[in-house]
1. Please compute the volume of the convex hull spanned by the alpha-carbon atoms of segment 102-141 and report it per residue in Å³.
2. What ³J(HN,Hα) values, in whole Hz, does the Karplus curve 6.51 cos²θ - 1.76 cosθ + 1.60 give for segment 180-192 when θ = phi - 60°, with x put for Gly and Pro?
3. Going by amide H atoms built from the backbone, whose H comes under 5 Å of the H on VAL45, apart from near neighbours?
4. For segment 29-56, list residues with backbone N below 14 Å from a point placed 7 Å from the Cα of GLU95 toward its Cβ?
5. Long-range amide H contacts for GLU2: which residues qualify at under 5 Å (H placed 1.01 Å from N, peptide plane, sequence gap of 5 or more or a different chain)?
6. With a 10 Å radius around each residue's Cβ, average the other Cβ atoms per peptide and rank 86-94, 67-75, highest first.
7. Once you have the Kirkwood Rh of the chain from its Cα pairs, apply Stokes-Einstein at 10 °C and 1.306 mPa s and quote D in µm²/s.
8. Working out 0.36 nm times the residue gap between TYR166 and GLU211, then minus their Cα-Cα distance, what length gain in nm do you get to one decimal?
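The values are calculated or read from the model by the stated rules, or taken from the named source; none is laboratory data. Nothing here was measured: the structure is a model prediction, and the numbers come from that model. A quick note on method: Cβ atoms are made from the backbone with ideal geometry, for glycine too, and the neighbour counts reach across all protein chains shown. Quick note on the areas: whole protein, heavy atoms, side chains included, nothing else; ligands and nucleic acids left out. Shrake-Rupley method; radii C 1.70, N 1.55, O 1.52, S 1.80 Å.
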Amino acid sequence: MELVFIGYNHVHDSDLNINRPLGSGDFLVLLVKSPAIFTINGKDVHTPPNIFFMYPKNASQYYRAYDETFSNDWMHLELSKEEEEYLRILGIPMEVPVLLNDIEYFSLLINNLSLEYYSSNEQKKDTINCYLHIFFNKLSEQIMNQSIGVQEKNYDKFSLLRNKIYSRPYLKWDIANLSHQICLSPSYFQHLYKKHFGITCMADIIHARIEYAKQLLCTTSLSIRHIAEQCGYENDVHFMRQFKKVTGMTPTEYRNCPMVQHPALPVIDRNKPDIY
């Protein structure tokens, strides 16, 4: 690995706006210590402080400060094909913001790299190479450890949220509100929901409503229209269409089908408060 240029603990005004359509001609590593906005695939992504971000060679670079001064460390690198593959094996992501729990450790490494880079030490080339390998090896470890912890933490949050949906399927659930409850963007929320449960969130909401409708059809004599209302549908036509799509039968056919078991399941009490 060749260190082309480096900067440690630089602070820029809040109007900083990096706009490099053709990139910087090398690999760019950023440790951003303040809120920022990265434009990725044409979309603005707001990032919190303490982000690692790496641009591949010749990739467009668009990032800017967000409402306050912009503070960062940075490195410009030249990598051989073998070194690129080495980073890939380590799981170092390109053009993906990664929140670091211990950015101070990596910032200290960049500080040491900077001191070595601007020194006249005889062994500085080898020392810099060692520091760079330590940087990426430790970064790989932290990303892996954080990923395991985040997955477990996220699964618990998603499981609780799913229990809420199935406990109250008649509520007006929507992606914006659900994603806000666990502090994720709507698109990332939907991605993780399907990853955790093998079904999209909206499809799962429909499934929860249909399961509740089955329960009401089996245990009550409520009209189809009333059941539709109880399940959160604004009109019974939409309800009947979705019910048949999911079950292959109309609600009336399901209620009268001799093959359908009608267990005496408790009906959800809509007046009972949520306890979460």
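1. Values: hull volume 1.7 nm³, N = 40.
So the per-residue hull volume is 43 Å³.
2. Residue by residue, segment 180-192 yields 5, 5, 10, 6, 10, 5, x, 5, 6, 4, 5, 4, 5 Hz.
3. So VAL45 has HN proximity to PHE38, THR39, ILE40.
4. Residues passing the 14 Å test: 38-45, 54-56.
5. Amide H neighbours of GLU2, under 5 Å, 5+ apart: GLU78.
6. Details: 86-94: 14.7, 67-75: 18.3.
Highest to lowest by the protection proxy: 67-75, 86-94.
7. Values: Rh = 22.7 Å.
D, rounded to a whole number, is 70 µm²/s.
8. On the way: separation 45, 0.36 × 45 = 16.20 nm, distance 0.88 nm.
This chain segment gains 15.3 nm when fully extended.
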